[in-house]
Every structure is written in structure tokens, then in C-alpha cells.
Amino acid sequence: MKILVAMRQVPERDAALTIAAGAGWIEDSALSYSTNEPDAYALEEALRLKDSLAPAAGEVIALTAGPERAASVLRDALARGADRALHIVTQSGPPQHDPLPLAHLLAAAVRAESPDLILTGLQSDDLGLGQTGVILAELLGIPHTTLGLHVETVASGIRVKRELEDGWFQHVEMALPALVTIQSGGNQLRYATLMGIKKARTKELREMDAAELTASAPAQSIELVRVFLPEKQRQTHMLTGTSAEIAMRLVDVLRNEVRVL
């Protein structure tokens, strides 16, 4: 089984953000980057699925689209156990905020591999659109499901455990090829071992030029006009009346205005 995992590099969650000149995006020159968390869980699920197969019966391929610095995501994936990696090299700058052209870019690389299963993170930590994976499945003409926690092989293809609301779960079976978007928390992530880091140096990491893959991709359909930090406001409301009236008014404010009750 050939399993392809689409991954993304995002700024660290605790990074201090400042708005770049022109307010077109954040100032990213001094940011630290890491693997998008849901994508890390997608990789872990792919590796666990490969481990459940017979020796040499599975292959895990990591794929990312981004500038040169995004190769660190792939090197980490190789160190954790991926067999090889594909890097669609794009120009540096703001991240792709329109999922449609990005999905076309990924689809062009995926078609050449013809994987049996594609795993992506449910959404990215920086933009949180949650659309790239499902659009990719539509472009490839394959079935997909979202909110995946675990994937296992069955006679008909795969069986996916999905997390629904209020602690409910759903199990769905899908024929291959298929795509599943994975959310965080389904597994315990493995760390890259020293041996894995050494082996990663000998594994294939192939670069592809984004310009050669985007000939048929649509233009941006979403225009990012301005980004800004939320304004902090402090307001004081004085409640007057008897103790009972103040208590009733306080409960009303907390329930209907602050919405914490």
C-alpha cells in the first residue's frame, strides 16, 4: 500500500506576531517554524498503518509545498519513518491562503505517484481553513472523509474511525484509493530517533518546481486585503439596585452578553 501524507510548515504557536509593512501579512523574517500539528498526526497514522502491514508491503511518502525552509518538515518526516519525500518548491512570502490553487498544485504531484491512500491534517494551525484536503480529493475524483482518528485496512479497503460531537464516534468503510483528513489527538506521536535521523540522510527527497505544476491551476479567487491584531478594550459596567436585583442582572450579563454560563 502506497500512503501519501500532505504536510505543511507553519509558524510556532507561541511566536510573537507583528504586522508587516503594508498590513498584507505578518512579519515572518524572525519567526520559527514547525510541522503543522494535525499533519504530524496524519504522518503518525500513516506510519502506524504501514507497521500493521507485512514487511515491504507499505510505503509512506511525505509531500509539502512551500519555500526552501519547508524542507525541514520533510526531513523530520523522513527521520520519523517516512520512506521518501517530495517538495514542491514555491517562492518565499505569505502562505497560500486560497485552498483551491494549493489543492491543484498538490494534485499535480499526487497524480504522478498514484497512491492508494492520501492522509492530510484536518486543518492548518496558521489559517485553519480545513478545505485543502477535501478539495484535493474532489480534484482527484476519489472518496474522502474528515475528522479521522484511526485508519485500518479491511477487505473492502479501509475502515476509518471518525470523531463526531458530544463524544460520539462513527466508523466508515471506504474503497481505495481514498483520502482522509486526520485531526490531532488520535495517537501518541513518535519522536525521531538518532538512528532515524541518520537514515533520513540517505532517503530520497525530491524537489519539484511549482511553476511547472501550476500551468493548469486556477488563479487566486480569494484576496487577502489586510491583517490586523485584535484590539483590546476594557469596559466597566456599574450595576446598581438591591442585592437581589444586582445578582439577577449579573447572571443575565454573564449568560447573554459574556456567554460564560
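Bear in mind these aren't lab numbers, they're just calculated from the coordinates by the rules spelled out. Everything quoted here is computed from the prediction, not taken from an experiment. Here the Cβ is made from the backbone with ideal geometry for all residues, glycine too, and neighbour counts use every protein chain on show.
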field: All positions within region 156-196 that are out of contact with any strand residue (DSSP E or B) (no Cβ under 7 Å at 6 or more places or on another chain) and either closer than 24 Å to Ala107 by Cα or surrounded by 10 or more Cβ atoms within 10 Å (Cβ to Cβ) (or both)
entry: Ser184, Gly185, Asn187, Leu189, Arg190, Ala192, Thr193, Gly196
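Looking at region 200-239, which of its residues are more than 30 Å from Ala82 (Cα to Cα), under 24 Å from the mean Cα position of the chain (by Cα) and not hydrophobic (A, V, I, L, M, F, W, C)? Spell out how you get there, then give the answer.
Going residue by residue through region 200-239, those that are more than 30 Å from Ala82 (Cα to Cα) are 218-239.
Narrowing the set further to residues that are under 24 Å from the mean Cα position of the chain (by Cα) leaves 218-229.
Matches in region 200-239: Pro218, Gln220, Ser221, Glu223, Arg226.
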- request: Scan region 138-161 for residues that are within 17 Å of Lys2 (Cβ to Cβ) and of a type in the set (S, T, N, Q) and jot them down.
  value: Thr153
message: I need every pair where a residue in region 177-201 that is at negative phi has its Cβ under 7 Å from the Cβ of a residue that is in a loop (DSSP other than H, G, I, E, B) and among the small types (Gly, Ala, Ser), sequence separation at least 6 or different chains.
response: Gly196/Gly81
query: How many residues are part of a loop (DSSP other than H, G, I, E, B) and either out of contact with any helix residue (DSSP H, G or I) (no Cβ under 9 Å at 6 or more places or on another chain) or loosely packed, with under 12 Cβ neighbours inside 10 Å (or both) when one looks only at region 205-221?
result: 5
message: Could you check region 161-194 and list, in sequence order, the residues that are among the β-branched types (Val, Ile, Thr) and closer than 16 Å to Gly133 by Cα?
response: Val180, Thr181, Ile182
task: Identify, from the list Thr153, Thr146, Thr120, the residue that is in contact (Cβ under 8 Å) with a residue 40 or more places away in the chain, crowded, with 18+ Cβ neighbours inside 10 Å and hydroxyl-bearing (Ser, Thr, Tyr).
output: Thr120
